[in-house]
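Asks: Let me give you the structure first, and then I'll get to my questions.
The values are calculated or read from the model by the stated rules, or taken from the named source; none is laboratory data. If you're wondering where the values come from, they're calculated on a predicted model, not measured in any experiment. For accessibility, only protein heavy atoms count, side chains too; no ligands or nucleic acids. Shrake-Rupley method; radii C 1.70, N 1.55, O 1.52, S 1.80 Å.
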Amino acid sequence: MTSPTPVAPGPRARGRRPFGTTWVGWLFVLPGLLGLLVFIVVPMVASLVLGFSESTLLGGTRMTGLENFERLFADQQFITSIVVTTVFVVVYTPLNIAVALAVALWLRTRLAGSGWLRVVFLIPALSPMVANAAVFRLILQQDGAVNGLLATVGIAPVPWLSDGDWALVTVILVSVWQSFGYNMIIIGAGLDAVSPDVLAASRIDGAGPFRRLVSINLPLISPALFFTTVLTVIGAWQTFAQSYVITGGGPGNSTTTIMLYLYRTAFTYDQLGYASTIATILFLIIAAFTLVQVWGQKKWVHYD
């Protein structure tokens, strides 16, 4: 039995490039990689370096080592901004997720026009945050529309913006109104993915609405809840526009968040180096919270 005669490689095989067509893929992702490098990586590295210096907008830069970090932890305004932002995160995050979940569950019922209602609830999340905050500042003033409505039913005016506690509550509520629509869409998509057969079987077994929610819906949509929680926490630590526009950080420093204090340090007090130190600490806080959530997901997030 004779062996087959080897066939000489054709022109395509002889001219094959060593990297195949992978360069096409790199060509497509190159603009995104360049944008990531120029607008994210380089500014982050520059901010980290500036954190170890004394720098101004128009002046020079002088390296100062750890002086900014030593000053930071003795800065009472910074500590106050940490406390205010922590309270904001602790209250805002669960309230946002709870409202988004409640609305998503409500829209899953046989409600006429539920599709249009989803659009209505999503509109605030798509509209400019500064414009929304400016509107709320007008209607929540002492003689604004909200207190005017309260007066018509015999309720005394509420110091929405002039009392420290009420001002922080106002910032939290406006922030929830602004952003819960996005989480509602994500959680609603998770609820839509729950198999109707599983819910039907639970009804046959006698499970009530609360039991179905706790034992079936929540475990099955836990990936969506995890995703929205991580994004909400990251956004909460970086809140800025609401405090800046609605209350200006006041009264006093009752609504001065870390981002607002960072902004004032850089552009009002002209201390770029110190502001970069604050940015570095904020980055570490957000990274720590994110890592804890990623680690903790193993205990409550189900991907089956």
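Asks: Scan around Ser53 for amide H atoms under 5 Å from its own, H built in the peptide plane at 1.01 Å from N, and keep only partners 5 or more places away or cross-chain.
Replies: Distant-sequence amide H within range of Ser53: Thr64.
Asks: Using a 10 angstrom cutoff on alpha carbons, build the Gaussian network for the chain and name the most mobile of Ser215, Ser276, Ser179.
Replies: Looking only at Ser215, Ser276, Ser179, the biggest GNM fluctuation is shown by Ser215.
Asks: Let a ≥ b ≥ c be the square roots of the eigenvalues of the Cα gyration tensor of the stretch 142-264; is it rounded (a/c under 1.5), or, if not, prolate (a/b larger than b/c) or oblate?
Replies: In terms of gyration-tensor shape, oblate.
Asks: Rounded to the nearest whole Å², what accessible area per residue is found for the chain with the 1.4 Å probe? Before the final figure, lay out the partial values.
Replies: Details: 18220 Å² over 304 residues.
Per-residue accessible area for the chain comes out at 60 Å².
Asks: Given contacts defined as C-alpha pairs under 8 Å and at least six residues apart, what's the relative contact order of the chain, whole-number percent?
Replies: In percent, rounded to a whole number, it is 28.
Asks: Which residues' amide hydrogens lie under 5 Å from the amide hydrogen of Gln271, considering only partners 5 or more residues apart or on another chain, with H built in the peptide plane?
Replies: Ala266
Asks: Helix by helix, which DSSP H runs in the chain go 15 Å or more along their axis at the Cα atoms and have an average Kyte-Doolittle hydropathy of 1.0 or more?
Replies: Length and hydropathy pass: 22-36, 76-108, 114-126, 129-139, 164-192, 222-237, 272-300.
Asks: GNM, the chain, Cα, under 10 Å: largest mean-square fluctuation among Thr229, Thr85, Thr268?
Replies: Thr268
Asks: Okay, moving on. Would you look at the GNM of the chain, springs on alpha carbons closer than 10 Å, and say which of Leu231, Leu30, Leu117 moves the most?
Replies: It is Leu30.
Asks: Right, next: Give me the percent of the accessible area of the chain that comes from carbon and sulfur atoms, probe 1.4 Å, all protein chains in place.
Replies: Carbon and sulfur: 71 percent of the exposed surface of the chain.
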